[in-house]
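Notes to accompany the following structure.
The values are calculated or read from the model by the stated rules, or taken from the named source; none is laboratory data. Please read all numbers here as calculations on a predicted model, not as lab measurements. Backbone-built Cβ (ideal geometry, glycine too); neighbour counts: all protein chains shown.
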Amino acid sequence: MLNDRARALFGHVALYLHHQGIEPGEPGLTVGAMKEHCVQLDLCSRGRCEAMLALMRATGLLAPAPDPDRRKRLLVPTEKLISLHRVRWDAHFAAMRSVLPRATAYSAAIMDPDFVRAFVIALGRRFVAGLRVLDSAPELGSLAERNAGIVILFSLALSGDKNGPFPPREPVPLSINALAKRFSVSRKHVLTLLRDAERQGLLQRCGPGDSEIVLLPPGRDALEAMLATMFLYLAECGDEAMRSCARGASPPMSTTARAG
């Protein structure tokens, strides 16, 4: 129902509204508030937002909360949704440790609800203020807006020698059928993605019968820039959350949050 970028961000926005609310101290994960944010942040339409919320309720990621004003349709994230985010964040923190050792402290704090709340608010405030990870890698924008675009690119980038560089410089195996099956998209969709990426100069098909693909320098540079920006974003929010927990207060708006 939603493209890859919107799916990745939708749950984060839900958590942010839950913890931050429309006004400080007030619960804010309502259907109406979620619709407003999705439109303002250009994630999806109001109709798709409501459909996605219904799907998340049906799969146990969100639950209705008791509220005197039934018109608000207040929702709360379940432990299932929070656990999924913890797993994802911890994977990022593990990847960051070799260049940002303090990420070890974030992993240790990830089970602390106060840290999670402060971290979610820090992430959300920067995003609402205009920070976008892909601003440093605009070449990947068209892939991010299409179903499975970024994950297909990462799948190819992870197909290289595990002891070699990332992203790989040598050709890696390419199977259109395997990618289509793995990510539940059509072969035509995968081919279109790859052809568009080729036209952008991000990659090139090669080998007998186009059985391999090589990430070209612009594609490798874009992946590196996106990951570097993501890690710095997470680290800044992690530091802010740690400070917030230390002083027992919710995090203030960072002066480094920037538009565009």
Scanning the range 133-146 residue by residue, the ones that are in a loop (DSSP other than H, G, I, E, B) and buried (at least 17 other Cβ atoms within 10 Å of the Cβ) total 2
Give the residue, chosen from 151, 128, 172, 133, that is touching a residue at least 24 places away in the same chain (Cβ under 8 Å) and either among the charged types (D, E, K, R) or farther than 30 Å from residue 105 by Cβ (or both). 172
Let me spell it out: the conditions are (1) crowded, with 19+ Cβ neighbours inside 10 Å; (2) at pLDDT 90 or above, and residue 6 meets all of them except one. Which number is the exception? (2)
Across the range 24-70, what is the total count of residues that are on the phi > 0 side of the Ramachandran plot and either at pLDDT 95 or above or touching a Pro at 6+ places or on another chain (Cβ under 7 Å) (or both)? 1
Quick one: is residue 98 within 20 Å of the chain's Cα centre (by Cα) and hydroxyl-bearing (Ser, Thr, Tyr)? no
Applying the selection to the range 193-225, what residues are in a loop (DSSP other than H, G, I, E, B) and more than 22 Å from the chain's Cα centre (by Cα)? 200, 201, 207, 211, 216
With respect to the numbered conditions (1) of a type outside the set (Phe, Trp, Tyr); (2) in contact (Cβ under 8 Å) with a residue 60 or more places away in the chain; (3) over 20 Å from residue 245 (Cα atoms), which one is the sole condition not fulfilled by residue 48? (2)
Only one of (1) assigned to a loop (DSSP other than H, G, I, E, B); (2) within 19 Å of the chain's Cα centre (by Cα) is not met by residue 228, so which one is it? (1)
Pair list, Cβ under 6 Å, 6 or more apart: the range 1-21 residue over 15 Å from residue 35 (Cβ atoms), other residue at pLDDT below 90 and assigned to a helix (DSSP H, G or I): 5/144
